[in-house]
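J.: A single structure is presented below for examination.
The values are calculated or read from the model by the stated rules, or taken from the named source; none is laboratory data. What you see is a predicted model; the values in this text were computed from it and never measured. Don't worry about glycine lacking a Cβ; one is built from the backbone with ideal geometry, like all the others, and counts go over all protein chains shown. Ligands, DNA and RNA are excluded from the accessible area calculation, which covers all protein heavy atoms including side chains. Shrake-Rupley method; radii C 1.70, N 1.55, O 1.52, S 1.80 Å.
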Amino acid sequence: MSEAHDPGFHVERVDLRDGRAELRFSGQLRFRQCFASWQNVRRLARSPAAHLAFDLSAVDTLDGAATALLLELRDEVVAAGAEAEIVGAHGGVHAMLELYGSHPPRPSLQAPPARIGILDEIGRETLGMLSENHGLDFIGDVAVAGAKAARAPASVNWGDVPRLIERAGADGLPIVLVINFLVGLVTAFQAAVQLKQFGANIFVADLVGLSVTRELAPLMTAIIVAGRSGAAFSAELGTMRVSEEIDALRTLGLDPYGFLVFPRVIALALVLPLLTILADVVSIAGGLLVAMLGLDLTANAYLLQTQKAVGLWDVFSGCLKTVFFGLSVALIACQRGLAARGGAEGVGRATTSAVVTSLFAIVVVDAIFTVLFNAFGR
């Protein structure tokens, strides 16, 4: 029998038969009292034994640091090739050991996840499209909220519409004008290279006027608004979603669709045609600059030829498409924002998805209108 003691606690080693031994602790195991003499305790534990038990039945108090020392000592005995266990703990001593994980790790009873096949993944994605704030579910909620807004227009947050029009329209006007001016200028340059060969410089006005009013100006304006306002809408609603502001609105009895979605849809549907008309003007001005400086045409001749080539339907058809562009961008941006999950990373993913999906939707809508106009001879 060997022993080590210090004021407040006592340790003795008892060697039993068959290579078994016990370290019997008693008193109060607190770090301040036991740390100075812990080397003696380790020396007692190093003596050869096939099985060493740490008996804590006589220990009244055990603090966290002393628990760490005790568990470390047990691990050292196991690493030396012997068996070690802690026995006799009770009350608060047992609770402290449980807290520090003295029990051996239990094997997991959960089977490893089965491999998911491609058909299973397709099914999961399809169900995800039908879940809350995804795809068809969002369309249904918007339709229900639209019917409610038609019955009670006061339920829509009309006060936000002027502010959103200013953000999407007036604040974005400089970049829209610059981009469309350059589009008209580049289109005129490309047309001039070919038309000069046939002495048909004046028809640059026809090509620029028709291409920008029917296609380029509406398309470029919608793309700029999608990248600018669509991303802003998605990030704004996504941040509100992850910070639980959407749930707070529902708690207050406010419909998020009438309060947040509809004002943004109305704002983009109104502002895009206005921006497109201004884009038409500056695009034609870009073509005029090329005609005057590179084709020796007068401003009067160019504008008269543009007036002959471009009809009211050409301008109207471009503006009509932008209404649907605006609806598509606003709905997609709001849907992605309301479906955001997972904090800042989720908001970033939602914003990226909103911009990419909006651009795809713009091209699809433009293609549909082009086919329809061609089918009806327009």
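J.: Need the full-extension length gain, Phe373 to Leu210, defined as separation in residues times 0.36 nm minus the C-alpha distance. One decimal, nm.
T.: On the way: separation 163, 0.36 × 163 = 58.68 nm, distance 1.42 nm.
Stretched out fully, the Phe373 to Leu210 stretch lengthens by 57.3 nm.
J.: Mind checking the full-extension length gain between Thr251 and Thr61? Use 0.36 nm per residue of separation minus the Cα-Cα distance, one decimal, nm. Show your work: numbers first, answer last.
T.: Values: separation 190, 0.36 × 190 = 68.40 nm, distance 5.00 nm.
Value of the extension gain: 63.4 nm.
J.: Set the Förster radius R0 to 30 Å, insert the Cβ-Cβ distance between Glu166 and Ala143 as r into 1/(1 + (r/R0)^6), and round the FRET efficiency to 0.05.
T.: On the way: r = 28 Å, r/R0 = 0.95.
FRET efficiency, Glu166 to Ala143: 0.60.
J.: Using the heavy atoms of the protein chains alone and a 1.4 angstrom probe, what is the accessible area of the chain per residue in square angstrom? If you can, show how the numbers build up before the last one.
T.: Working: 20170 Å² over 378 residues.
With the other protein chains kept in place, the chain gives 53 Å² per residue.
J.: Quick check for you: which residues of the range 27-68 have the amide N under 17 Å from the point 7 Å beyond the Cα of Glu83 toward its beta carbon?
T.: Flagged as within label range: 48-55.
J.: What accessible surface, in Å², does a 1.4 Å probe find on Met292, ignoring ligands, DNA and RNA and rounding to the nearest 10?
T.: Met292 exposes around 90 Å² with every protein chain in place.
J.: Tell me which aspartates and glutamates have Cα within less than 15 Å of Lys321's Cα, excluding those fewer than 8 residues away on the same chain?
T.: The qualifying aspartates and glutamates are Glu215, Asp280, Asp366.
J.: In terms of Cα to Cα distance under 18 Å, which aspartates and glutamates are near enough to Lys196, apart from those fewer than 8 places away along the same chain?
T.: Asp206, Asp296
J.: Hey, another quick one. To test your reading of the geometry: what angle, between 0 and 90 degrees and rounded to tens, separates the Cα axis of helix 262-294 from the longest principal axis of the chain?
T.: Result, in degrees: 50.
J.: Here's another thing I want to ask about it. Rounded to the nearest 500, what is the 222 nm mean residue ellipticity of the chain from helices alone, with -39500 (n - 2.57) per DSSP H run of 4+ residues and division by all residues?
T.: Working: 16 runs with 237 residues, N = 378.
The helix-only estimate for the chain comes to -20500 deg cm²/dmol at 222 nm.
J.: By how many nm would the segment from Leu293 to Tyr100 grow when fully extended, if each residue of separation counts as 0.36 nm and the alpha-carbon distance is taken off? All intermediate terms of the calculation are to be shown ahead of the outcome.
T.: Working: separation 193, 0.36 × 193 = 69.48 nm, distance 8.32 nm.
Separation in residues times 0.36 nm, less the Cα-Cα distance, equals 61.2 nm.
J.: Quick check: the angle from helix 343-375's long axis to the longest principal axis of the chain, C-alpha only, nearest 10 degrees?
T.: Result, in degrees: 30.
J.: Relative to a virtual label point 7 Å from the Cα of Glu121 in the Cα→beta-carbon direction, which members of the range 315-351 show backbone nitrogen distances below 19 Å?
T.: none
J.: For the chain, what does the relative contact order come out to in percent, with C-alpha contacts under 8 Å and a separation of six or more?
T.: On the way: 523 pairs, mean separation 60.4, N = 378.
Relative contact order comes out at 16 percent.
J.: Sort the chain into rounded, prolate or oblate with this rule: let a ≥ b ≥ c be the square roots of the eigenvalues of the Cα gyration tensor; rounded if a/c is under 1.5, and if a/c is not under 1.5, prolate when a/b is larger than b/c, oblate otherwise. Intermediate values should be presented prior to the final figure.
T.: Details: a/c = 4.07, a/b = 3.23, b/c = 1.26.
Judged from the Cα gyration tensor, the chain comes out prolate (a/c at least 1.5, a/b above b/c).
J.: At a 1.4 Å probe radius, which order do Asp206, Asp18, Asp247 fall into by accessible area, largest first?
T.: Working: Asp206 35, Asp18 140, Asp247 70 Å².
The ranking, largest first, comes out as Asp18, Asp247, Asp206.
J.: Treat each spin label as a single point 7 Å out from the Cα along the C-beta direction, and report the Val178 to Phe35 distance in nm.
T.: 6.4
J.: A further question follows. Run through the DSSP bridge list for the chain and note the antiparallel percent, rounded to the nearest 5.
T.: Bridges in the chain are about 45 percent antiparallel.
J.: Output the relative contact order of the range 157-238, whole-number percent, from Cα pairs under 8 angstrom with separation of 6+ residues.
T.: Values: 28 pairs, mean separation 30.6, N = 82.
Reported relative contact order: 37 percent.
J.: Tell me the carbon and sulfur percent of the accessible area for the chain, rounded to whole percent, probe radius 1.4 Å. Write down the numbers at each step before the final one.
T.: Working: 12950 of 20170 Å².
C and S fraction of accessible area: 64 percent.
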